[in-house]
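The values are calculated or read from the model by the stated rules, or taken from the named source; none is laboratory data. None of the values given here were measured: they were computed from a predicted structure. Glycine gets a Cβ as well: all are built from the backbone with ideal geometry, and neighbour counts include every protein chain shown. Areas reflect the complete protein model, heavy atoms only, side chains present, ligands, DNA and RNA absent. Shrake-Rupley method; radii C 1.70, N 1.55, O 1.52, S 1.80 Å.
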Amino acid sequence: MNRRRVLPTALLAGALLAIASPAAAHPLGNATANRAVAVTVLPEELHMTYVLDLAEIPAYAALLDMDVDTDGRQSETERARWASGACDAAATALQVAVDDLLVPLAARDSPKLTFPPGVGGLETLRLECRLAAPLMPTAEVQTLSVTDTADDGRRGWREITIMAGAGVVLATSDAPAVSPSELLSAYPDDLLQSPVDVRVVHATFRPDTSGLNAATSGGAGTATAPTGTAPADPLADLLGGTDTPMAWLLALGLAAALGAAHALSPGHGKALIAAYLVGSRGTLRRAGALGLTVAVSHTMGVFVLGAIVLSASELLVPDRVVAWLSMASGILVILLGATTARRALGRRSRGHDHGHDSGHRHDHATSGSDTVDHGHPPLREVVTLGLAGGLVPSTSALIVLLVAVTTGRVVEGMALIGAFGLGMAVVLAGLAGATSLARNGLADSPRLAGSPSVRRIANAVPLASAAVIMVAGAAATIGAIGSL
């Protein structure tokens, strides 16, 4: 792409995004590993096509693994060696049994390794392995089971299909004959939110004595590589348009705007922040501390995850790290909610005792006990909330870091990631500040404070907020455990 056109294009894209987050290149996400196994049953042999489709982040890690001599590039020999090893691993992970007896798999053709373009100039990876297993000819009905035991800890699409080749009839099968994703080349839009996850299939087959299936070939095992141009990502594209000081300033501003838009998208703890600050009397200073903590924790999370991808992806799968971070974030939120509930109960108890001791409810506004009852939230709790909100890094920001490393623009990439996190922080801090001002304005209103109904609602709000916080934390923790 012409660098003079990169910045205007990215600016336009940023304006059109509104509240959307930066685009993901792979339909299932930048960190997914997707697998498809196509089985064709022939009279004397099983033909199998195994397809591995890696999105940008795992593909980046695979490219690093290929570079055995660490010279910064992958030679044809290194790529061929990696592909052969990956196909051998796939053959080992596939357990194929005929009549309950395991049959050995062997390569029947050379692997095909391609690198379709990904977001921001990164590459995805597509590996196709052709495997075969011998069959003993018989006139009897035979059983077939195929189990894919491969597990690298990554999320993604998993499918197995079985079709009959020439001279064979499938008597029963719990697997489709046609790949729903065209062997990972065209994912159905209606299944992107709940990807297919099939790892075990069964079938029975027998020879075709009628001759009706004589013309059928093993076409189900023919993979078609996806076509198209490289997708764009507004944040990653900014790395190509920072040749002048003015362009650099505009790029930083747009990165911050994209971070703000990302924070406005669903999630990111906005309801959690509002619930906490409604339940405890926040201030603008606390709102600023919250935003700063979100920015710092999000930026550091991106750098830590980037370091894992670059140096330890075999030991620590980024998806697992994100899941652990999500669980830690959820636990922090639960603890914060419990602390908020305990403080609210303490306030209600003190307020109740004070009411019986003095009998003068109107003195609460100026009594020393009211300082405790309506005190500002402790700074450590605000920092904890900000840490929980920014602990899980954005995949888009991680993509920018990998693009920056690949193109030698590390400083620029780090600056853009920092600006992105700052944009997120400004939005969340603004939400916190607006919530605090609204809550405090209502609490300080003499007209409202004199209403018994308002007092009852105000007394119930802290406990209700604590309950919302704990439920949100429990939901995040359970979701993270499920992904682990």
Cβ-Cβ below 8 Å, separation at least six or inter-chain, first residue in the range 466-484 and under 17 Å from V382 (Cα atoms) and open to solvent by 60 Å² or more (accessible area, probe 1.4 Å), second part of a helix (DSSP H, G or I) and modelled with pLDDT of 75 or more: which pairs?
V468/G337; M470/V333; M470/I334; M470/G337; M470/A338; M470/A341
Of the residues A80, A86, A133, A90, only one is in contact with a Ser or Thr (Cβ under 9 Å, 6 or more places away or on another chain), of a type in the set (A, V, I, L, M, F, W, C) and on the phi < 0 side of the Ramachandran plot; which?
A80
So, in the range 110-162, how many residues would count as being open to solvent by 30 Å² or more (accessible area, probe 1.4 Å) and closer than 20 Å to M66 by Cβ?
11
For D53, which of the numbered conditions (1) touching a Lys or Arg at 6+ places or on another chain (Cβ under 7 Å); (2) open to solvent by 10 Å² or more (accessible area, probe 1.4 Å); (3) within 30 Å of D208 (Cα to Cα) fails to hold?
(3)
Restricting attention to the range 41-95, the residues that are within 28 Å of L401 (Cβ to Cβ), charged (D, E, K, R) and either touching a Cys at 6+ places or on another chain (Cβ under 6 Å) or part of a strand (DSSP E or B) (or both) number exactly 1
Going by the conditions given, is P195 loosely packed, with under 15 Cβ neighbours inside 10 Å and at pLDDT 75 or above?
no
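Does L463 count as touching a Phe, Trp or Tyr at 6+ places or on another chain (Cβ under 6 Å), open to solvent by less than 60 Å² (accessible area, probe 1.4 Å) and at pLDDT 70 or above? Before you say what the answer is, go through the steps one by one.
On the way: touching a Phe, Trp or Tyr at 6+ places or on another chain (Cβ under 6 Å): no; open to solvent by less than 60 Å² (accessible area, probe 1.4 Å): yes; at pLDDT 70 or above: yes.
Taking the combined requirement at face value, the residue does not satisfy it.
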